[in-house]
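Just below is one structure, and these are the notes that go with it.
All of the numbers you see were taken from the coordinates with simple rules; none came from a lab. Worth saying up front: this structure is predicted, and the values here are computed from it rather than measured. As a convention, Cβ positions derive from the backbone with ideal geometry for all residues, glycine included, and neighbour counts pool all protein chains shown.
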Number of protein chains: 2
Amino acid sequence: MEQRLTIISLGVSDLTISSKFYESNFGWERSAASNDDIRFYQLNGILFSLYPVSKLGEDAGISIPADKGYRPLTIAHNTRSEKEVDDLITDLRIKGVKIVKEPQKVFWGGYSSYVADPDGFLWEIAFNPFLPMDERGNTLQHE
Amino acid sequence: MEQRLTIISLGVSDLTISSKFYESNFGWERSAASNDDIRFYQLNGILFSLYPVSKLGEDAGISIPADKGYRPLTIAHNTRSEKEVDDLITDLRIKGVKIVKEPQKVFWGGYSSYVADPDGFLWEIAFNPFLPMDERGNTLQHE
């Protein structure tokens, strides 16, 4: 199995609210393949999608508990400087986004903060001086 | 905020069991930056990591419920043919991986199956004839 993935789909409780979060706050643009049932966002080599959690379970033929609260995963958006972390958090705060952890130096040598989306999916906004990225933001081999 | 992400970290209940799942069953190779606390896997332009769920919460300064069961998200690994889906599922079944949904034609025109990792994170193994990928498996603009 090749060492790659294609799509990350978050199961959300309200598609309209979640779409608005990613489009108004993150400033992301949905792709034209989006419709009333699912929203797609073209990222760096992968797709990100928002899908109602009930349909997500239906698609797999299982029942997924629609519990509230933080989800057991984080998605990181790495910046190219500490200042960029500060600027993003300042902007997201103004837009009313829940700041879970204020930007701060962390033990592994980086500078990190966390925000939450409407369902409690955690996004880490961080600068990691040890993680090389190319100009498009793709991570390079992490030795 | 640029339309991209850098790292997906799954909060897992047992790092050894989860690492073994991705390394033995998926055949993925951890990167040298991995240590006893966290495992990294270099994917296509992004990093995938496994981290104990308690530490994941600690890092964000919150408590994440360590409930069992399916997680409200799916990660898709798209193949280049229906046969490749069948072959992967056959191989994963032999290795003892839980097949949540057998490969089958689905309403959106693709061919899809689901497997679960030890914590209930769902992976969709699918062929989507409408989703163009380059030779490295990166998705191209999805119109």
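For residue A:83, give me every one of the lysines with a C-alpha distance below 30 angstrom, ignoring sequence neighbours fewer than eight places off in its own chain.
Qualifying lysines at Cα under 30 Å: A:20, A:95, A:98, A:101, A:105, B:55.
Just the number, please: Stokes-Einstein D of the protein assembly as shown in µm²/s, Kirkwood Rh from C-alpha pairs, 25 °C, 0.890 mPa s. Write out the running numbers ahead of the final one.
On the way: Rh = 19.1 Å.
Here the translational diffusion coefficient equals 128 µm²/s.
Count charges around residue A:70 for me, please; just the other residues with Cβ under 13 Å from its Cβ, Lys/Arg as +1, Asp/Glu as -1.
Numbers: positive: A:68, A:71, A:98, A:101, B:71; negative: A:67, A:117, A:119, A:124, B:58, B:59, B:67.
With Lys, Arg at +1 and Asp, Glu at -1, the neighbours total -2.
How many percent of DSSP beta bridges within the protein assembly as shown run antiparallel, rounded to 5?
Numbers: 40 of 62 bridges.
Bridges in the protein assembly as shown that DSSP calls antiparallel: roughly 65 percent.
Nearest to the axis that maps chain B onto chain A: list the chain B residue whose Cβ wins, with the distance in whole angstrom.
B:45, 2
Explain nothing, just the number: relative contact order of the stretch B:5-86, from Cα pairs under 8 Å at least 6 residues apart, as a whole percent. Present the calculation step by step, with values, prior to reporting the outcome.
Values: 86 pairs, mean separation 23.6, N = 82.
Result for the stretch B:5-86 is 29 percent.
Let me know the volume per residue of the alpha-carbon convex hull for the stretch B:47-89, in Å³. Spell out each step's value before the answer.
On the way: hull volume 5.2 nm³, N = 43.
With only Cα atoms used, the stretch B:47-89 gives 121 Å³ per residue.
Please compute the contact order of chain B in relative form: average sequence separation of alpha-carbon pairs under 8 Å and at least six residues apart, divided by the residue count, as a percent.
On the way: 225 pairs, mean separation 29.4, N = 143.
Taking the mean separation of contacting Cα pairs over the length of chain B, I get 21 percent.
Counting only DSSP beta bridges with both residues in chain B, tell me the antiparallel percent, nearest 5.
Within chain B, antiparallel bridges account for around 60 percent of the total.
When all C-alpha to C-alpha distances in chain B are sorted into bins of 5 Å, what percent of pairs does each bin hold, rounded to whole numbers?
Values per bin, smallest distances first: 2, 9, 16, 21, 20, 17, 10, 5, 1.
Using the alpha-carbon centroid of each, what span in Å lies between the stretch B:71-126 and the stretch A:40-81?
Cα centres, the stretch B:71-126 to the stretch A:40-81: 17 Å.
What gaps in nm, shortest first, separate residue A:68 from its twins in the other copies when you place the label 7 Å past Cα toward the beta carbon?
Distances between equivalent label points, in nm: 2.6.
With +1 on each Lys and Arg Cβ and -1 on each Asp and Glu Cβ, and nothing else charged, work out how big the dipole of the protein assembly as shown is about its Cα centre, in Debye to the nearest 20. Don't jump to the answer; show the numbers that get you there.
Details: 30 positive and 42 negative charges, 67 e Å.
For the protein assembly as shown, the charge dipole is close to 320 debye.
What ranking do B:28, A:108 get, fewest neighbouring Cβ atoms within 10 angstrom at the top? Don't jump to the answer; show the numbers that get you there.
Details: B:28 20, A:108 12.
In increasing order of surrounding Cβ atoms, one gets A:108, B:28.
Nothing charged except the Cβ atoms of Lys and Arg (+1) and of Asp and Glu (-1): what's the magnitude of the dipole of the stretch B:45-143 about its Cα centre? Round to the nearest 20 debye.
260
Please compute the modelled spin-label separation between residue B:98 and residue B:63, points set 7 Å along Cα→Cβ, answer in nm with one decimal.
With each label point 7 Å from Cα toward Cβ, the separation is 2.6 nm.
Mind listing the label-point distances from residue B:99 to the same position on all other copies, shortest first, one decimal in nm, points 7 Å along Cα→Cβ?
5.0
Using a Gaussian network model on chain A with a 10 Å cutoff between Cα atoms, which of A:82, A:23, A:58 fluctuates the most?
Comparing A:82, A:23, A:58 in a Gaussian network model of chain A, the most mobile one is A:58.
By count of other Cβ within 10 Å, fewest leading, how are B:136, B:93, A:71 ordered? Don't jump to the answer; show the numbers that get you there.
Details: B:136 10, B:93 13, A:71 22.
By the 10 Å Cβ count, ascending, the order reads B:136, B:93, A:71.
I need the inter-copy label distances for residue B:132: point set 7 Å along Cα to C-beta, values in nm with one decimal, smallest first.
3.0
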